[in-house]
Every structure is written in structure tokens, then in C-alpha cells.
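Student: The structure under discussion is supplied below as C-alpha cells; questions concerning it will follow.
The values are calculated or read from the model by the stated rules, or taken from the named source; none is laboratory data. The shown structure was predicted, so the numbers you read here are calculated from the model rather than taken from an experiment. Cβ placement follows ideal geometry from the backbone for every residue including glycine, while neighbour counts extend to all protein chains displayed. Surface areas here come from the heavy atoms of the whole protein model, side chains and all, with no ligands, DNA or RNA. Shrake-Rupley method; radii C 1.70, N 1.55, O 1.52, S 1.80 Å.
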Amino acid sequence: MKVLLMGNPNVGKSVIFSRLTGVRVITSNYPGTTVSYTHGQMKVGDEQAEVIDVPGTYTLEPTSEAEEVARQMLETGDVVINVVNATNLERNLYLTLQLLEQKIPMVVALNMWDDTRHQGIDIDLDKLREMVGVPVVPTVATTGEGIKELVESLPKAVSPDTPVRTHDERWAAVGGIIEQVQRVSHRHHTWRERLSDATVRPISGGLIALVVLAASFIVVRFIGESLIGYVFDPLFNNLWLPVLDRLSDLLGGGGFLHTVLIGSLINGNIDFVQSFGLLSSGLYVPFAMVLPYIVSFYLILGLLEDTGYLPRLAVLMDTVMHRVGLHGYAIIPTLLGFGCNVPAVMATRILESKRERFIAATLISIAVPCAALQAMIFGLVGARGWQYVAMVYGTLFAVWIVLGIIMRLAVRGFTPELLIEIPPYRLPPWRTSLQKLWMRTYGFLKEALPLILGAIFVINILHSLGVFEAIANFTAPVVTGIFGLPKEAVTAIAIGFLRKDVAVGMLAPLALTSGQLVVGSVVLSMFFPCVATFVVLLRELGLLNLLKSVAIMILSALVVGGLLNLIL
Amino acid sequence: MPVKSLGQLRAGESGKIIRIEGGHGIINRLAALDIRPGRNIRKLSSSFIRGPVTIEVNRAQVAIGFGMASRIIVEAGNTSP
């Protein structure tokens, strides 16, 4: 049996999916969090059923690609759980009636049921069941209320005889149901609504946005630095270093195995940043340099996502984003990109046109450094002074704007106007917010750790075979001539294809000037995406557009790196 | 009562949508969000330089690009959404 979870965007389908299947998925408080289909298993009675979390859709009329796909999906399902936002019944029922017309057995989950009470909405459940003709179960997905009843209602799913209606007839039918089922009592403006108004008005909203973004940056840095300074550095220096010192002695302080495991000794000592062995830098970089920032970044991003602030930021940024050929909602994939470019490129699916998706994906790959890369920039460039970090960020921001304007003028196609629903503010549901943080942190370790160790292993092998030297001599005109970097820096650029954090780490032993370090960091950020992003770009853009995108990346990295070299 | 576009309506003003000037595409996109003729709406905010307009419609908040908002014609008046 195949169960489809369908409903309007941002009604809580993914939270219900998680409750039904135990499969953890990323959930947030903005429309369009789920961009691909997630599968899971659940038990209905004695039967094993497949559950599919379908991305949200307002209608089955194919007005967008997502809706077209949702419609195709429907033909493969056996039962639909139509998730409905109880605080916005009228608009949600339109899709409910459309689904009923498809003659597929259905139950309705009336989600966010707890919110109806304090919003002064009274829904007559029995009447609603009678008029819709299918089981209706009130649920509060975030607390789990009603989930058991929802599962029990599944065998009772039916497909009542429903006439196929036109647009207007359907809205009239919805109106008829609402008239009989729903009573709304007058209520006062709540503090959340006042805050909501203030955050989208241009002046107050702009100020609030500046404060929110600045505070986010400061808090991310504070938490990240504290984790490094008080937790990870002491752990590595006091517990791990003595172990490695012993191992180094045992291995005789040199030789192939020593190089692979411990790396090279810097002034006779193991240096976690510069030694570049599997057990030294291979563990220190991911755990003590990158992980702290992954945790702090995703903690803050999760808060922004779950409170419902991001769609408001999208409204405020709309005018600016149109300058670079996007509309305001593209700020969401962009912000995700500061964590990791892979989910960010996937999230560009919330943008309607091909042109927008191309521009957004390219800009993210070039000018939005992921958390791992940023952590290394903080660590290495920050050690030379924060003005150099500011130079890196300032350059990338300028690239984002200039390249965006060029693409707006050069890329054919259109950018539709912003049209989004702004969800009410919510207090983050702590359980799901923390679960999301854990999923993302674990995801980083699972995906990145093998690649980081693999990259360091490969580096050591290639080094000992002399391959890098050959490449370095071959590419010296570009690397030295254009970027003003020592020719060995090419190895970092090449390794950047595997992991950008390791690549920045490879600049550490090169004894670069601060200016060279800025050039190196910027070039590494802009040149090719890492292999994981590369794969997603290929899937999302297609081969031809991927090639165009990569051409833009290489060209702009050469130009910007060269210019920076001249200036610095 | 004065008839104007959603773009011209002032923040805080309410009105009733009387028509949407545009083809099927825009009418369907808006209708999916319950923005259709006959609906009472309240404008919550507008932005400078032709930025998006936010409205309250049937207890939900929606942000609409300025161009699209200019094609939504409302009868301004004291109708609460």
C-alpha cells in the first residue's frame, strides 16, 4: 500500500511524516521546505505501507512544475492523507475538494488544531466529516497529538462520490462548507501579529533585519569560538597530542607511514593545522575547526527557519534580489548555502523559472562559502587579523552583486514576481529544532569526514610520488602569474574539488603573506564547487547549464583573483 | 467607494477585490492563495520603490510583487477581511 501525504505548503506534512514513519526529515516554518519526495515505511494494521511526503501544493491545476509532479504522484498512490491547516481551513479545503474529485481513498488530518483555540476559530468536526465525507482527525503534529487516531483512521479511508467541478463551483462549494462548519470570533491583535507587521514594513523591518543578521553572525562566531577554545582545543592539545607524540616517536619521526598518519613535523613538533597527517590534521580540521561552526551555524539557522522569520526577510530583500535577476524568496537557498551548498542548490527548486534557478545556483556556488570553508577562513585568515576576513567576505559579496547583475542582463528567460504566503510566527518546537540540528551535524560528519580523510590521504600519496610538483610546474604561469601565489598553491586548488576546508588548510604550510592568503581564500571559494555540489548542480541544472555555470566560475575566479593580486 | 489597485491602496486600508487584470496564469496563481474577486483584504504594508505588498486575506498573510499587486483592483472601504 502506498500512502501519500498531500496538502498546501507549510501545513506540517513533513512533521506528520516524521511521526508516522520515524524517518527524520528537515522541517521548518516556511512554505517549500520539502523540495523532493521522501519515502518511509509505516504499519497500517498488519500491513506494511510505504509513505511518501509530497512537496506542498495549493492546487492540482498544473500552474507550476511542482504541482504537475504532485499530480503525477497522485496516480501512483492508494490512499491520501490530506494534511490541512485548521487555522486556514477555507483555502486548504480547495485542494481537499480537488483531491476528492480524483476518486482516491482519503482521510483528512486537521493539523495545527491547538492553534484554532487561541485564534478564536471554532470548527464543528462532525459537520465537517459529514460534508467532506471522509474521516477527519484533528492533529498537532509537533506534539504528536492525534497521530495515533490518524493511523487508526487509515483503514477507514474512503472515496465519496464527488462531482468534478469547475474552478468557481469548487470555491462556491468550499464557501458552503465553511459557512456551516466554521465560526470565527473576533480577537485582538496578538504580540506575534504586531511583530509580524513590524518585520515586513520597510523601515522597521529593515532595521530589524540588520539587527537579526548581525546578531546571528556574532552569536555563530561566539558559540563557534567558545566551542573551539574551551572544548575542542583543550581536548586535542591535552589528550590527543601526547598520544600522537608517542606514536611519532615509535615511528621514528619520519618515513612513509609517519607522513601518512602524523604528517610532517613543523620545527620538530606536530602541528595540528600544518602537519597534514590522517591522525593530526585529518581529525583536527573536521572536529576542532569545522564542527564547532557547523553546530553554531545550524543552531542559529534553525531558529530563523522555525520561528518563521525567513519569508519576511524574503519580502524585505525582494527589491534587492530583483537587481540580480532573482526574487526575494531566493534569499532562502542563499542562506542555506552558508551552511552547505548541496541542500542550497536543491532548495533553488522553490524558485519558479529555469532562469532564476540557474542564476541562484551559480551565485551560490561561486559567492556563498559553506560553513566548513568559512570555519577554515575564520581560523587561518582570522589569525592574521579580522580586516583580512572582512576583505574575503567583501570581495565575495561584490562578486555576488556584479555577477548577478551581469547574469540578469545576459541570461535569457524571465523572473516571475514574488508571491508567497507568510506564515505566522511560532516559537520553535524544541524537540524538532534540536533534532534538525543533530541531523545536520551528523550529516556533516557522515558525508564530510570520509572525504576529508580521503583527501588528506590522497594528498600525502601524491606528494610522495611527486605528482603535485609536476602539476605545480605546469600550472605555475596561472597560479604565480595571475594570482601571485606560490606555485604549490595549485595543489590546494585541485584538492578544493574534494573538500574546500582541507584546501584552505593546505595553504597554511605555504608561509603566505596575509594578502596572498586573502587571494587564496577567495579563489578557493569561487573556483569549482566541491564534488558534492558538482553532482547536485548536474542533477538540478542539466549538463549544458552545468558547463555554462562552471565556465562562469572559472572565468570569474581568474578575473577576481587576478584583480585582488594587483590590489593587495 | 473609490476603486484602485492594490498597489495604490495605503497600508492599513481594507478593500474588496473586484477584478484581476491579467490572463489565466496570474488569475490561477492568485486564486490558489485565495486571492480572487469577492474577497475582502487588508493591506498590511508596502515597500519603497515598487517592492512587494503584503496583505491579509482570510486570516492568512501573503506577499505579492508590486507588478502583480497593481493588477489586483479593489474597492476601498471599511470591510474587515
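Student: Between rounded, prolate and oblate, where does region A:1-131 land on the alpha carbon gyration tensor, with a ≥ b ≥ c its root eigenvalues, rounded for a/c under 1.5, else prolate if a/b exceeds b/c?
Tutor: Numbers: a/c = 1.30, a/b = 1.25, b/c = 1.04.
The shape class here is rounded.
Student: Hey, what number do you get for chain A at 222 nm if only DSSP H runs of n ≥ 4 count, each worth -39500 (n - 2.57), divided across all residues, to the nearest 500? All intermediate terms of the calculation are to be shown ahead of the outcome.
Tutor: Working: 26 runs with 327 residues, N = 568.
Using -39500 (n - 2.57) per qualifying helix, the result is -18000 deg cm²/dmol.
Student: On to the next question. Test of understanding: extend the Cα→C-beta vector of A:Ser464 to 7 Å, then name every residue of region A:268-295 with backbone N under 17 Å from that spot.
Tutor: In region A:268-295, the label zone of A:Ser464 (backbone N under 17 Å from the point 7 Å along Cα→Cβ) covers A:275-282.
Student: Roughly speaking, to the nearest percent, how much of the protein assembly as shown's 1.4 Å accessible area is carbon and sulfur?
Tutor: So the carbon and sulfur contribution to the accessible surface is 62 percent.
Student: Considering Cα pairs under 8 angstrom that are at least six residues apart, work out the relative contact order of chain A and quote it in whole percent.
Tutor: Dividing the mean separation by the residue count of chain A yields 12 percent.
Student: So how long is each side of region A:1-58 along the principal axes, counting just the alpha-carbon atoms, biggest first, in Å?
Tutor: Projected onto its principal axes, the Cα set of region A:1-58 covers 35, 21, 16 Å.
Student: Would you kindly find the accessible area of A:His39, with a 1.4 Å probe and non-protein molecules such as ligands, DNA and RNA excluded, rounding to the nearest 10 Å²?
Tutor: The value for A:His39 is about 100 Å².
Student: So what J values fall out for region A:324-340 if you push phi through Karplus, 6.51 cos²θ - 1.76 cosθ + 1.60 with θ = phi - 60°, rounded to Hz, Gly and Pro as x?
Tutor: With the stated coefficients, region A:324-340 comes to 9, x, 10, 10, x, 5, 5, 5, 6, x, 4, 5, 4, x, 5, x, 8 Hz.
Student: Okay, next question. Just how large is the dipole of the protein assembly as shown about the Cα centre, in debye to the nearest 20, putting +1 at every Lys and Arg Cβ and -1 at every Asp and Glu Cβ?
Tutor: Details: 53 positive and 49 negative charges, 258 e Å.
Magnitude of the dipole: close to 1240 debye.
Student: The protein assembly as shown: Rg/Rh from Cα coordinates, Kirkwood Rh?
Tutor: My calculation of the ratio gives 1.02.
Student: Then there's this: Taking amide H positions as placed in the peptide plane 1.01 Å from N, state which residues far from A:Val44 in sequence (5 or more) or on other chains have amide H under 5 Å from it.
Tutor: A:Ala49
Student: Sequence-distant or interchain residues sharing an amide H contact under 5 Å with A:Gly7, placed H: which?
Tutor: So A:Gly7 has HN proximity to A:Thr57, A:Val83.
Student: Among the listed pairs A:Lys43/A:Lys446; A:Lys2/A:Lys43; A:Lys446/A:Lys500; A:Lys13/A:Lys148, which have their C-alpha atoms separated by more than 19 angstrom in this model? Mind dumping the intermediate values first?
Tutor: On the way: A:Lys43/A:Lys446 29 Å; A:Lys2/A:Lys43 11 Å; A:Lys446/A:Lys500 16 Å; A:Lys13/A:Lys148 15 Å.
Those over the limit are A:Lys43/A:Lys446.
Student: Still on this model: Can you check how the C-alpha radius of gyration of region A:262-302 compares to 2.2 N^0.38 Å, as a plain ratio?
Tutor: Dividing the Cα Rg of region A:262-302 by 2.2 N^0.38 Å gives 1.46.
Student: Then there is this: Quick one: compute the contact order of chain B, relative version, from alpha carbon pairs under 8 angstrom and 6+ residues apart, as a percent.
Tutor: Contact order relative to length: 46 percent.
Student: Let me ask something additional. Taking R0 as 45 Å, what's the FRET efficiency between A:Ile554 and A:Glu68 from their Cβ-Cβ distance, rounded to 0.05?
Tutor: Details: r = 35 Å, r/R0 = 0.77.
Result of the calculation: an efficiency of 0.80.
Student: OK, next. Across region A:433-442, in residue order, what do the Karplus-derived ³J(HN,Hα) couplings come to in whole Hz, using 6.51 cos²θ - 1.76 cosθ + 1.60 with θ = phi - 60° and x for Gly and Pro?
Tutor: With the stated coefficients, region A:433-442 comes to 5, 5, 4, 5, 4, 4, 4, 6, 5, 4 Hz.
Student: Here's a follow-up. I want to verify the translational diffusion coefficient of region A:241-372 in µm²/s; compute it with Stokes-Einstein, Rh as the Kirkwood radius over Cα pairs, at 20 °C and 1.002 mPa s.
Tutor: 123
Student: Also: Taking the Cβ-Cβ separation of A:Val23 and A:Asp249 as r and a Förster radius of 45 Å, what is the calculated FRET efficiency to the nearest 0.05?
Tutor: 0.40
Student: Quick one: of the DSSP bridges fully inside chain A, what percent are antiparallel, nearest 5?
Tutor: 45
Student: Throw me the Rg/Rh for region A:347-398, computed over C-alpha atoms with Kirkwood Rh, two decimals.
Tutor: 1.14
Student: Report which residues of region A:198-213 become buried by 50 Å² or more of accessible surface when going from the isolated chain to the complete set of protein chains (1.4 Å probe; DNA, RNA and ligands ignored).
Tutor: Residues of region A:198-213 that lose at least 50 Å² of accessible area once the other chains are added: A:Pro202.
Student: Between the DSSP loop rule and a limit of at most 12 other Cβ atoms within 10 Å, which trypsin sites (Lys or Arg not before Pro) in region A:10-42 are left?
Tutor: Filter output for region A:10-42: empty list.
Student: How large is ³J(HN,Hα), in whole Hz, for each residue of region B:51-66 in order, when computed from phi with the Karplus curve 6.51 cos²θ - 1.76 cosθ + 1.60 and θ = phi - 60°, using x for Gly and Pro?
Tutor: So the Karplus estimates, Gly and Pro as x, are x, x, 10, 10, 10, 9, 9, 6, 6, 10, 9, 10, 9, 10, x, 4 Hz.
Student: Return the percentage of antiparallel bridges among DSSP beta bridges fully within region A:60-181, rounded to the nearest 5 %.
Tutor: Working: 2 of 11 bridges.
Taking every DSSP beta bridge within region A:60-181, about 20 percent pair in antiparallel fashion.
Student: Oh, and also: How about A:Lys548: which aspartates and glutamates have a C-alpha closer than 16 Å to its C-alpha, ignoring those fewer than 8 places off in the same chain?
Tutor: Cross-link targets: A:Glu356, A:Glu540.
Student: Accessible area lost on pairing A with B, both sides, 1.4 Å probe, Å² to nearest 100?
Tutor: 2700
Student: May I pose another question? Along the Cα→Cβ direction, 7 angstrom out, place labels at A:Ala215 and A:Leu257. What is the inter-label distance in nm?
Tutor: Simple spin-label model gives 5.5 nm for this pair.
Student: What does the convex hull of the Cα atoms of region A:212-299 come to per residue, in Å³, rounded to a whole number? It would help to have the intermediate numbers written out before the result.
Tutor: Details: hull volume 7.4 nm³, N = 88.
Roughly 84 Å³ of hull volume per residue.
Student: Which FRET efficiency value, to the nearest 0.05, do you get for A:Glu225 and A:Arg412 by plugging their Cβ-Cβ distance into 1/(1 + (r/R0)^6) with R0 = 56 Å?
Tutor: Efficiency computed from Cβ-Cβ geometry: 0.80.
Student: Does any residue of region A:317-349 lose at least 20 Å² of accessible area with all protein chains in place compared with its chain alone, and if so which ones (probe 1.4 Å)?
Tutor: Residues shielded by partner chains are A:Asp318, A:Thr319.
Student: Continuing with this model, one more query. How about region A:349-450: which chymotrypsin sites (Phe, Trp or Tyr not before Pro) there lie in a loop by DSSP and see at most 15 other Cβ atoms within 10 Å?
Tutor: Details: sites: A:Phe358, A:Phe378, A:Trp386, A:Tyr388, A:Tyr393, A:Phe397, A:Trp400, A:Phe414, A:Tyr425, A:Trp430, A:Trp438, A:Tyr442, A:Phe444; in loops: A:Phe414, A:Tyr425.
Of the chymotrypsin sites (Phe, Trp or Tyr not before Pro), the ones in loops of region A:349-450 whose Cβ has at most 15 other Cβ atoms within 10 Å are A:Phe414.
Student: Cα atoms only: what Rg and Dmax, in Å, come out for chain B?
Tutor: 11.0, 30
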